[in-house]
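Down below is the structure, laid out as structure tokens.
The values are calculated or read from the model by the stated rules, or taken from the named source; none is laboratory data. The model shown is predicted, which means the values in this text are computed figures rather than measured ones. FYI the Cβ positions are ideal-geometry reconstructions off the backbone, even for glycines, and counts take in every protein chain you see. Remember, those area values only see protein heavy atoms, side chains included, never the ligands or the DNA or RNA. Shrake-Rupley method; radii C 1.70, N 1.55, O 1.52, S 1.80 Å.
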Amino acid sequence: MRIQADNPSPMTLDGTNSYVLDSAGGSTALLIDPGPELAEHRSALLAAVGDRDLRGIILTHQHADHSEMLGSIEAWAPEVPVHAVLERFARHSEPVHDGQRISFGSAAEDVVEVIATPGHTADSISVLHGTTLYSGDTVLGRGTTVITHPEGSVGDYLNSLETLRSLVSVGRIETIEPAHGPRIENPAAVLDYYRTHRAERIEQVRQALAAGASGAEEVRDIVYRDVPDNVREAALQIVRAQLEYVSAD
Ligand SMILES: [Zn+2]
């Protein structure tokens with residue numbers, strides 16, 4: 001079940017998608033990304049859980065539009081374990097790691113697997129349930145992901161796209177449910193586009209540097225000259241991440 005928060009913006013698209021996964025037996029549930037601290041969103045999440053026993057909460061990464069509501073967790077899920085990479089978000093549970101399996105019910109299919117997908121941020125994970133991947137901000141339903149700086153890394157991000165693409169190739173991922181935007185039914189094509197797009201941007205950054213651009217703002221004004229004003233700041237972050245990648249190369 002997807003519950004979209006009412007926090008639309010250029011960076012969150014239509015708003016943050018929280019997900020409530022129902023167990024096969026129907027008596028337990030798992031929540032992925034509580035989202036922003038909005039009263040209506042909290043009511044919608046709790047209504048989606050209903051009288052099921054909420055067995056766990058998984059945080060895909062640190063950003064406030066995913067994590068903020070954990071700040072009030074004492075008020076709405078005080079006993080529920082929170083699974084997160086960063087110690088400051090993990091609760092009643094050790095920080096999660098790649099390959100970890102988290103059970104949320106008694107049936108064999110009531111298990112998700114954590115897949116480390118750093119890049120957007122260092123602590124970004126995706127969550128695989130059956131053949132559906134809950135991708136957080138690693139893959140979005142529209143456009144492409146911003147690699148934040150300094151929390152993220154272009155090198156890590158390219159490796160994560162590779163990891164996901166391989167899982168699609170072997171049939172382990174068939175659908176992607178992103179934290180922003182609509183469901184992705186053609187993950188192979190989308191991941192291929194992401195890889196091509198990122199490689200093109202890196203090449204454009206190299207060319208801008210070769211042409212004499214110096215500093216992130218000058219590079220941004222060349223490579224991202226067509227972006228709308230409200231995402232110019234995000235473009236600057238991604239340029240900083242790309243400059244770090246290009247200079248380490
Ligand atoms: Zn994010």
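For this structure, a couple of remarks:
- Heavy-atom accessible surface of segment 2-186: percent carbon and sulfur, 1.4 Å: 48 percent
- Principal-axis analysis of the Cα atoms of the chain puts helix 187-210 at an angle of about 30° to the longest axis.
- The trypsin sites (Lys or Arg not before Pro) found in segment 143-249 that occupy coil by DSSP, while having at most 12 further C-beta atoms within 10 Å, are Arg183, Arg225.
- Listed peptides 112-120, 47-55, 207-215 by packing density, highest first (mean Cβ within 10 Å): 112-120, 47-55, 207-215
- Rg ratio for segment 135-249: its Cα radius of gyration over 2.2 N^0.38 Å, N being its residue count, equals 1.10.
- Per residue of the chain, the DSSP helices (runs of n ≥ 4 H) give a summed -39500 (n - 2.57) that works out to -10500 deg cm²/dmol at 222 nm.
- Histogram of C-alpha separations across the chain, 10 Å bin width, %: 7, 31, 34, 19, 7, 1, 0
- Note on the chain: dipole from Cβ charges, positive end direction compared against Leu209, Ile102, Ser9; the farthest Cα belongs to Leu209.
- Between Leu209 and Ala24, the simple spin-label model (points 7 angstrom out along Cα→Cβ) gives 5.1 nm.
- Ordering Val170, Thr121, Gly136 by the projection of their Cα atoms onto the charge dipole of segment 2-186, which places +1 on the Cβ of Lys and Arg and -1 on the Cβ of Asp and Glu, puts Val170 at the extreme positive end.
- Cβ-Cβ FRET estimate between Asn230 and Ser93, R0 fixed at 45 Å, reported to 0.05: 0.75
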